[in-house]
Structures are given as C-alpha cells and as structure tokens.
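K.L.:
Below you will find the structure I want to go over with you.
Readers should treat all values here as calculations from the given coordinates under stated rules, not as data from a laboratory. The structure displayed is predicted, hence computed values, not measured ones. Ideal geometry is used to build each Cβ from the backbone, glycine not excepted, and the neighbour counts take in all protein chains shown.
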Amino acid sequence: MATSISFSDQIINLVLLGRIGSGKSRTGNTILGSNEAFKFGFQIETKSYAIERASRFERHLLVIDTPGMDIFLQEESVKLRKYISEMAQGNVIYLLCIKIGHITEKEHILIKQYIRYIGNDFEKRTIVIFTHLDEWISDSHDQGILEPKFEDFIATLDKNSIELLEKFDMRYISSNNRKSGNDEIVKQIICMAEQLNQQSSVSGAVPQRQCDLEVESRSILCCNYM
Ligand SMILES: Nc1nc2c(ncn2[C@@H]2O[C@H](COP(=O)(O)OP(=O)(O)O)[C@@H](O)[C@H]2O)c(=O)[nH]1
Ligand SMILES: [Mg+2]
C-alpha cells in the first residue's frame, strides 16, 4: 500500500565516527553549515554524544557527533546503538572521519572494531571523509604541485589502505572543514547518503528521493558512483 510519507518527511541521519582529532565535530559543522553547532578543537575532548539538526538543500539532516575514541568495543557499541535508536528514526549513514595521511595502524584497528561491533551493516552504510584537505593542498603547493588532485593522493595509498577503502566500495569524500560555506561537500554527502538509503530501502515502503543536486567533482556522485 502506498504510504503518505513525503520526501520532505524523510530525514537523513548521519553519525560521525573516527579517532580523536580526526575532524568529526568540525565535519559535522560543515554539514550543518554552522561553526557553532558542535564544539571542536584539539583541547576539546567530546565526552558524550551530541545531536544537531538542520535543513540543507531541502533535506532534513540529523547529525550525531560521538565521543573521541581510539578503541571501540562491545560496551561502546551498545551505547552508540541505544543513542541512535532513541534519537534517530530509520537508517543511519556513518561518516568515518580520517585526517588525510593518517591511515595508520590505529585507524586500521579502530575500523576493524567498528566492523566487528557495529556489524556488517557498517561497511554497507559508511562514507569515508578525509578531513584536512586544505593542509594537503598547501603541502602539495609547497612541493611545487600547482593543481593537486585528490585522486593523486588516493593513488599514493598503500595496499592495506586501498583494501580498507574497498570495504566501503571506495565511497570517500575529501573535506576542507576550515572553509566556510563548503556546500559542495554537503551536497556530495547528501547524494551518497540518498543513494545508500535507496539501495537499502524495502521497495515501495517509503518513496525514496532521487538525488537531484548538482555536484562538481568526481564521477562518483549523484547516483552513479557504483
Ligand atoms: N585545517 C583543518 N583543520 C581541521 C579540519 N577538520 C578539523 N580540523 C581541526 O582538527 C582539530 C580536531 O578537529 P575536531 O573536529 O575537534 O576533531 P574530533 O576530535 O574528531 O571531533 C581541530 O583543531 C579542528 O579545527 C580541516 O578540514 N582542515
Ligand atoms: Mg569532537
């Protein structure tokens, strides 16, 4: 039976994950379009979950920021699941924040723990967000590369890191969270999230919105990245 749920009722639930200092809170602010939504900074250790909402590009976004953690075990996964089920309705998309150049052993261990304790769903519902794009661009300029392309960074990754991205079907986006009004990234995230939600929806249960946003970069986006 057709439902009365309209596109405008649908909420995109986004959960920020990643190591301490990986840029989770600031990525949340980029998405929400406000530098004041989540507290950020090296001196700020987020101790509890936080939630903010915003409407962006005609979408309702709900963003959950999570405590800084380098280890994610069963107990934390129970807390995360409880918080999500209390705060968000429907599917969530995980945004796994990694500072560019920092796919270290610690990231590999943490991601294995997410996969183990959040479950298989985690791999299918995650977008990797490489933060600190601005720093990578200025380093590239200092090295004489005038027009650095993020794909060139991906090409430098070792086999283990590529295998890690492959777990997420190479869904990744790079973000400069210092840039205010970074709308392109927000649109990229919305497009990927809508694509993932569409893939996992039970057909006909809820009308799923086709992504209609124009995004500039990468062929991945707006429903044709798979
Ligand atoms: N230059 C730059 N700094 C960033 C970026 N994203 C986050 N940061 C900085 O990295 C530090 C940690 O960010 P934060 O969002 O608090 O990380 P969290 O611990 O994962 O929530 C802060 O000093 C941020 O200002 C980015 O894209 N570019
Ligand atoms: Mg934080």
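K.L.:
Loop only per DSSP, at most 10 neighbouring Cβ atoms within 10 Å: give me the trypsin sites (Lys or Arg not before Pro) in the range 27-81, ordered by residue number.
P.N.:
Those that pass, being in a loop and sparsely packed, are Lys47.
K.L.:
On to the next question. Tell me, what is the percent relative contact order of the range 35-107, built from C-alpha pairs under 8 Å that lie six or more residues apart?
P.N.:
Over the range 35-107, the number comes to 21 percent.
K.L.:
Could you compute the FRET efficiency for Gln198 and Asp152, with r as their C-beta to C-beta distance and R0 at 25 Å, rounded to 0.05?
P.N.:
Efficiency for this residue pair is about 0.20.
K.L.:
While we're looking at this one, here's another question. Quick one: which of 175-181, 71-77 comes out on top by average Cβ neighbours within 10 Å, and what's the full order, highest first?
P.N.:
The most tightly packed comes first, giving 175-181, 71-77.
K.L.:
With unit charges on the beta carbon (Lys/Arg positive, Asp/Glu negative), name the residue among Ile84, Ile71, Trp136 whose Cα is farthest towards the positive pole of the charge dipole of the range 55-144.
P.N.:
Ile84
K.L.:
Also, quick follow-up: Would you mind checking Lys106/Lys187; Lys167/Lys187; Lys124/Lys179; Lys106/Lys159; Lys39/Lys124; Lys47/Lys149 for any pair whose Cα atoms are more than 26 angstrom apart?
P.N.:
Lys106/Lys187; Lys124/Lys179; Lys39/Lys124; Lys47/Lys149
K.L.:
Follow-up. So for each of 89-98, 152-161 I average, over its residues, the number of other beta carbons within 10 Å; can you give me the resulting order with the highest mean first?
P.N.:
89-98, 152-161
K.L.:
Can I ask one more? Describe numerically, in nm with one decimal, the distance between label points set 7 Å from Cα along Cα→Cβ at Phe42 and at Ile145.
P.N.:
The two pseudo-label positions are separated by 2.4 nm.
K.L.:
Work out from phi, with θ = phi - 60° and the Karplus expression 6.51 cos²θ - 1.76 cosθ + 1.60, the ³J(HN,Hα) of each residue of the range 74-87, listed in order in whole Hz, and give x for Gly and Pro.
P.N.:
Each residue's phi maps through the Karplus curve to give 3, 4, 5, 5, 5, 4, 4, 4, 5, 4, 4, 5, 6, 9 Hz.
K.L.:
Let me have the relative contact order for the range 7-200, percent, based on Cα pairs under 8 Å that are six or more residues apart.
P.N.:
With pairs under 8 Å counted, the relative contact order is 25 percent.
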